[in-house]
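The values are calculated or read from the model by the stated rules, or taken from the named source; none is laboratory data. This one's a predicted model, so the numbers in the text were calculated from it and none came from an experiment. Note that we place each Cβ from the backbone using ideal geometry, even for glycine, and neighbour counts take in every protein chain shown.
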Amino acid sequence: MAEPTIHTGAAAGVGPAALRRSPVAHLEKRMRAAGVTGARGVTLSEWPFLAMVDLRVDPASEAARRIEKTLGAPLPRRCGHTTASGPHTVVWLGPDEWLVLSQADAPTVAAELDEALGGDPGSVVDVSANRTMLDLSGPAARQVLEKGCPLDLHPRAFGPGRAVATTVGPVAVLLWQVDDAPTYRLFPRSSFADYLARWLIDAMSEYRGPEVP
Amino acid sequence: MLLISCPWCGPRDETEYHYGGQAHVPYPETPADLTDGQWAEYVFYRDNPKGPFAERWVHSTGCRRWFNVLRDTVTNEVLTSYRLDEPRPELPQAGGNR
């Protein structure tokens, strides 16, 4: 099993942050070793402990407007769309549900959004421990995902700034493309992260050798 | 595999969805007054039409919303999908015995 993660940041050594461990920490070396460079390159790494807050509110309500003001970005209204502001990225999950990804401190983000929601119908829940984030990047990244993702990931249909909930292999993930490298960020639920990381390592292995015509 | 169009997310593979049985089965208005036979009718008895059939699906790995699908049970063709707050659409091409 993974060793407890020791943090050297501001919150280091106090409270649960010092005890938490990422669900794929034990695969870190294997993920790094699976990386391929060159024209068919693809790399895999994990970004653990990203702040994620699940937000549910009626998009037409006054509370939604207060939340948009707090976030500094509008809530995306259509499937696949994201909006970003400062450390926050808001991902559409459903017609009245969003996931706020943030590089800020999760309890702080949740508290701010909760205050903006006030007592109105809706919910703000810190779900940072629900998922982890795998970063898949490189010229062959799209080909790796296409082995197991039913979505059309071709640039004509999918591109940077798009995020959708779908499946990769048999695992339900939130799939977010961040740039044209292409770099994809996959958010599997923690208990499926080990399987997905191994699935990706296996899918990446063929790009080490020359292309088979 | 069926290609089902979620009213919120657009066309996705069948593997992203789960089936929820016949749509438009209303909960009894006076459940306390029902006989066992009527309860059985409500709980277990479903139509089995040959042709267009309105059924519920949930987009489990997507937006997790329930919606209705009109599927032809003969050809397995998905005719249309619509939200729960929308009425069953009238299709000019719809045949069947309903």
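Odds and ends about this structure:
- In this structure, A:PRO121 does satisfy being within 16 Å of A:ASP54 (Cβ to Cβ) and part of a loop (DSSP other than H, G, I, E, B).
- Near pairs, Cβ below 9 angstrom, 6+ apart or cross-chain, from the range B:43-72 (within 14 Å of another protein chain (Cβ to nearest Cβ) and without any contact (Cβ under 8 Å) to a residue 60 or more places away in the chain) to any residue that is assigned to a helix (DSSP H, G or I) and surrounded by fewer than 20 Cβ atoms within 10 Å (Cβ to Cβ): B:THR61/B:THR15
- Flag if A:LEU136 is under 27 Å from B:SER60 (Cβ atoms), touching a Phe, Trp or Tyr at 6+ places or on another chain (Cβ under 8 Å) and outside any loop (DSSP other than H, G, I, E, B): yes
Per-residue answers, yes or no, for (1) among the aliphatic types (A, V, I, L, M); (2) in contact with a Lys or Arg (Cβ under 9 Å, 6 or more places away or on another chain); (3) modelled with pLDDT of 95 or more:
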position: A:LEU75; (1), (2), (3): yes, no, yes
position: A:CYS79; (1), (2), (3): no, no, yes
position: A:THR83; (1), (2), (3): no, no, yes
position: A:LEU99; (1), (2), (3): yes, yes, yes
position: A:ALA111; (1), (2), (3): yes, no, yes
position: A:GLY118; (1), (2), (3): no, yes, no
position: A:SER123; (1), (2), (3): no, yes, yes
position: A:ARG131; (1), (2), (3): no, yes, yes
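- Flag for A:GLY161 being under 17 Å from the mean Cα position of the chain (by Cα) and not aliphatic (A, V, I, L, M): yes
- Scanning the range B:23-31 for any residue that is within 14 Å of chain A (Cβ to nearest Cβ) and surrounded by 12 or more Cβ atoms within 10 Å (Cβ to Cβ) turns up nothing.
- Taken together, the residues in the range A:180-213 that are in contact (Cβ under 8 Å) with a residue 24 or more places away in the chain, touching a strand residue (DSSP E or B) at 6+ places or on another chain (Cβ under 8 Å) and not small (Gly, Ala, Ser) amount to 16.
- All conditions but one from (1) away from chain B (no Cβ under 14 Å); (2) under 20 Å from A:LEU75 (Cα atoms); (3) touching a residue at least 12 places away in the same chain (Cβ under 8 Å) apply to A:LYS147; the one that does not is (2).
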